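**Q** Below: one structure in structure tokens.
Where a number appears in this text, it was derived from the coordinates with a stated rule and is not lab data. Nothing here was measured: the structure is a model prediction, and the numbers come from that model. Every residue, glycine among them, receives a Cβ derived from its backbone with ideal geometry; neighbour counts consider all protein chains shown.
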Amino acid sequence: MIVLFCWYQQCFSQITVATASNMQFAMEELRAEFTKETKTGVKAVYGASGKLVAQIKNGAPFDIFLSADVGYADSAAQWGYAATKPKIYAYGLLALWTMKPIDLKNGMNVLTDSAVKKIAIADPKVTAYGPAAIDAMKKAGVYDAVAPKLVFGDNISQAAQYIVTGAADIGFAALSIAMSQPMQGKGTWILVDKTTYPPIGQAAIILKYGDDNNREMALAFYTFIYSIKAREILKRYGYELPL
């Protein structure tokens, strides 16, 4: 089934990409560049990777899945919903971020300060960045002390929103969100030591729906995600790239 969208009296064919929330700002650039190159539109549906997998299993008409974690992409593949094997396109990084006058020079130890009442993280049950934040806190030896302070966002974007609005005093966000243009100059952040949590290998798959209904366009976007142009965009948002 070919879906069309129209913009400024021009109509384009369109694919739908289920996209992990950490990619929300980078994806806007990626899809704009892809549409400029191919005249194919991209509708991005954002959410926690685990919840997107649930939607895929329930028959959501997604052509491609950009997962925040290769494990969620593997899950969709193992259930028979993928036309390709998961392939990593980027590695996500964690940032510890605050809008409040909190000194981050002591790194993770600041979380134990009595002035920090609420710490935002993404829901570890359905996201990749939530478990990474917990691993980092455990590695730093502060998790048991700060666990009662944790507030959970449905996805990493909501966790970031808690930080930006001040609903949480501090929190863990995807570096790609903290580095995005709309967030420039908002608060202060430090990069969490990437050796304190497993690599967040973000993976793409073409879904069976896309292969059956929009094969040519789905393959074009899938190929684009690994292109030099896409890698340049991802790098600007703080992602590390596979060799």
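**Q** What nm value, rounded to one decimal, do you get for the distance between Gln55 and Lys87 when each label is placed 7 Å out toward the C-beta?
**A** My value for the distance between the label points is 2.4 nm.
**Q** Which residue, Ala167, Ala159, Ala44, tops the fluctuation ranking in a GNM of the chain built on C-alpha contacts under 10 Å?
**A** Ranking Ala167, Ala159, Ala44 by mean-square fluctuation puts Ala167 first.
**Q** Report, for segment 92-196, the % of DSSP beta bridges that are antiparallel, rounded to 5.
**A** 55 percent
**Q** Dividing the convex hull volume of the alpha carbon atoms of segment 92-196 by its residue count, what do you get in Å³ per residue?
**A** On the way: hull volume 9.1 nm³, N = 105.
Dividing the Cα hull volume of segment 92-196 by its residue count gives 87 Å³.
**Q** Quick one: what Rg and Dmax do you get for the chain from the alpha carbons, in Å?
**A** 18.3, 58
**Q** State, as an integer percentage, the relative contact order of segment 89-243 based on alpha-carbon contacts under 8 Å between residues 6 or more apart. Provide the component values of the computation, followed by the final result.
**A** Values: 261 pairs, mean separation 58.2, N = 155.
After rounding, I find 38 percent.
**Q** With both bridge residues required to lie in the chain, what share of the DSSP beta bridges run antiparallel, to the nearest 5%? Provide the component values of the computation, followed by the final result.
**A** On the way: 24 of 41 bridges.
Approximately 60 percent, going by the DSSP bridge assignments.
**Q** Please list, in order along segment 160-173, the HN-Hα scalar couplings obtained from phi with the Karplus expression 6.51 cos²θ - 1.76 cosθ + 1.60 (θ = phi - 60°), rounded to whole Hz, x for Gly and Pro.
**A** 5, 5, 4, 5, 5, 7, x, 5, 10, 6, 7, x, 9, 10
**Q** Just list whichever of Lys51/Lys235; Lys105/Lys149; Lys208/Lys229; Lys105/Lys139 have alpha carbons separated by over 24 Å in the model shown. Can you show the working numbers first?
**A** Numbers: Lys51/Lys235 26 Å; Lys105/Lys149 20 Å; Lys208/Lys229 26 Å; Lys105/Lys139 18 Å.
Distance filter (> 24 Å) returns Lys51/Lys235; Lys208/Lys229.
**Q** What are the ³J(HN,Hα) values, in whole Hz, obtained from phi via the Karplus relation 6.51 cos²θ - 1.76 cosθ + 1.60 with θ = phi - 60°, for each residue of segment 94-100 in sequence order, with x given for Gly and Pro?
**A** Coupling constants for segment 94-100: 9, 10, 9, 9, 8, 9, 9 Hz.
**Q** Could I ask something else about it? Around Tyr89, which amide H atoms from residues at least 5 apart in sequence, or from another chain, sit under 5 Å from its own amide H, with H modelled in the peptide plane?
**A** Close amide H contacts, sequence-distant or interchain: Gln202, Ala203, Ala204.
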